[in-house]
Amino acid sequence: MDNKILVTGGSGFIGSSFIHYLINNTDYKRIINLDKLTYAGNNDNLINIQQNIRYKFIKGDICDRQCIKKIFQDYSPNKIVHFAAESHVDRSIDGPKDFINTNIVGTSILLEESLSYYNKLKKLSKSSFKFHHISTDEVFGSLGEKGFFVEDSPYDPSSPYSASKASSDHLVRAWHRTFGLPVTISNCSNNYGPYQFPEKLIPLIIINCLSNISLPVYGKGENIRDWLYVEDHCKAINLILQEGAIGDTYNIGGNNEISNINIVESICKILDKLKPSNSGKSYKQLISFVKDRPGHDFRYAINTTKIKKDLNWEPKETFDSGLTKTIKWYLENENWWKKIQKNIYKQERIGVSS
């Protein structure tokens, strides 16, 4: 079996970052990107590699069984990395059905077809096959002021999004324990970096600053998240693919616990230096506290001891270095986000249903 990898959801933020990482740092003969191209899937994320002979884009849905079958028949991948998911909490509040369909039903179809393909492989080819599932720390629910999520923390999801991801995690484990499909799972903390869709906190605040409009902060801005620079995440995923133990779960975090209000203020401070406002005032003047999100978890924090000990991984970027890189990227790539702003998303508030 040739060294080939199928990446689902590869035109999204983390998926496209992972494909860039594979192109630049691995020897995969073929990298197949299956993406439905929903609002957050963007082929502009990969425009610089679209002509690369190692890269193949297929527009399709993980819920389309025949599409999945044909990919296995035509390309015979020996690695699968499953990013494809609806992933925004606010949107899951407004429309849970899409999250159930993609994240649960779609994952089950991908698992069924992966198992069917795996069972037909010869013994030597089976030894190199792995299905890696990308999940989130949100499946564990909310932490208090102390403590960390570990790999065996009990699941306690709060939103339709996190509940659908928890369901998909359980399905992946079941396909391993019941049917013997070789799988690994990773639960990551909040990612940030280039190509992130503007509905997420960091790009939203950057773009709102540059547009000189209100910087909305939920509640009092005291909710805390652990932040992980996307390239560090991609390195961790590749390590798990190569060296991770079959059936195991790995928590991937950035060791950067920061409150939402501190993130917004940090972005303002950096932009005040890199691109001062025409008004002559600090961007902090634009901060506006708004009604909190329903079911908003207070704190997420990840213990990364296992992946550090077992795979010798730890994040290279500090939050300050990663945030500065991210802001500079958005400053240098206005055409990318302005195209989204014009055609898809205008930073409107969603997810206020109760």
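Calculate, in whole percent, how much of the Cα-Cα pair population of the range 67-113 lies beyond 13 Å.
62 percent
Calculated FRET efficiency, residue 305 and residue 277, Cβ-Cβ r, R0 45 Å, to nearest 0.05?
Once rounded, the FRET efficiency stands at 0.60.
Hey, got the Cα dimensions of the range 15-159 along the principal axes, in Å, largest first?
48, 38, 31 Å, listed from the longest principal axis down.
Please report the antiparallel percentage of the DSSP beta bridges confined to the chain, to the nearest 5.
Expressed as a percentage, antiparallel bridges in the chain total about 10.
Counting only helical runs of four or more DSSP H residues, what would the 222 nm mean residue ellipticity of the chain come to if each run contributes -39,500 (n - 2.57) and the total is spread over all its residues?
About -12000 deg cm²/dmol.
Starting from the Cα of residue 316, step 7 Å toward the Cβ, then list every residue of the range 227-241 with an amide N under 18 Å from that point.
Only 228-241 pass the distance filter.
Give or take rounding to whole Å, what are the principal axis extents of the alpha carbon atoms in the range 177-320, in descending order?
Result for the range 177-320: principal-axis Cα extents of 60, 33, 23 Å.
Counting other beta carbons within 10 Å of each Cβ, put 99, 148 in order, fewest first. Walk me through the intermediate numbers first.
On the way: 99 25, 148 19.
Result, fewest neighbours first: 148, 99.
Using amide H atoms built 1.01 Å from N in the peptide plane, name the residues 5+ places from residue 298, or on other chains, whose amide H lies under 5 Å from its own.
143
Just how large is the dipole of the chain about the Cα centre, in debye to the nearest 20, putting +1 at every Lys and Arg Cβ and -1 at every Asp and Glu Cβ? Don't skip to the answer; put the middle values down first.
Details: 45 positive and 39 negative charges, 179 e Å.
It works out to roughly 860 debye.
Using the Kirkwood formula on the Cα atoms of the range 250-354, what hydrodynamic radius do you get, in angstrom to one decimal?
On the way: mean 1/r = 0.0589 Å⁻¹.
Final number for the Kirkwood radius of the range 250-354 is 17.0 Å.
For the chain, report the convex hull volume of the alpha-carbon atoms normalised per residue, in Å³, without decimals.
Dividing the Cα hull volume of the chain by its residues yields 128 Å³.
Return the whole-Å distance between the Cα centroid of the range 140-178 and the Cα centroid of the range 322-344.
The two parts, judged by their Cα centres, are 32 Å apart.
Can you tell me the convex hull volume per residue for the range 107-208, based on C-alpha atoms, in Å³ to the nearest whole number?
Enclosed volume per residue, from the Cα hull, is 145 Å³.
Arrange the following residues from fewest to most other Cβ atoms within 10 Å of their Cβ: 178, 184, 107, 305.
Listing 178, 184, 107, 305 from fewest to most nearby Cβ atoms yields 178, 305, 184, 107.
Arrange the following residues from fewest to most other Cβ atoms within 10 Å of their Cβ: 91, 65.
Going from sparsest to densest Cβ surroundings: 65, 91.
Give the lysines reachable from residue 291 as a straight Cα distance under 18 Å; neighbours fewer than 8 places away on the same chain don't count.
200, 220
Over the range 7-89, calculate the relative contact order: mean separation of alpha carbon pairs under 8 Å at least 6 apart, over the residue count, as a percent.
Over the range 7-89, the number comes to 37 percent.
Please report, in Å, the Rg and the Dmax of the range 7-73, where both are computed over Cα atoms only.
Reported Rg and Dmax, both Å: 11.5, 32.
At q = 0.29 Å⁻¹, what log₁₀ I(q)/I(0) does a Debye calculation on the Cα points of the range 274-319 give, no solvent, two decimals?
-1.08
Would you list, by chain and number, the lysines whose Cα falls below 21 Å from the Cα of residue 316, excluding same-chain residues fewer than 8 positions away?
List returned: 235, 306, 308, 325, 328.
May I ask you to derive the relative contact order of the chain, considering only C-alpha pairs under 8 Å and at least 6 residues apart, and to give it as an integer percent?
Numbers: 652 pairs, mean separation 64.5, N = 354.
Dividing the mean separation by the residue count of the chain yields 18 percent.
Using alpha carbon centroids, what distance separates the range 209-233 and the range 1-55, in Å?
Cα centroid to Cα centroid, the span is 27 Å.
Read-outs throughout are calculated quantities, based only on the coordinates presented, and are distinct from any laboratory measurement. Worth saying up front: this structure is predicted, and the values here are computed from it rather than measured. Here Cβ is always computed from backbone atoms with ideal geometry, including for glycine, and neighbour counts include all displayed protein chains.
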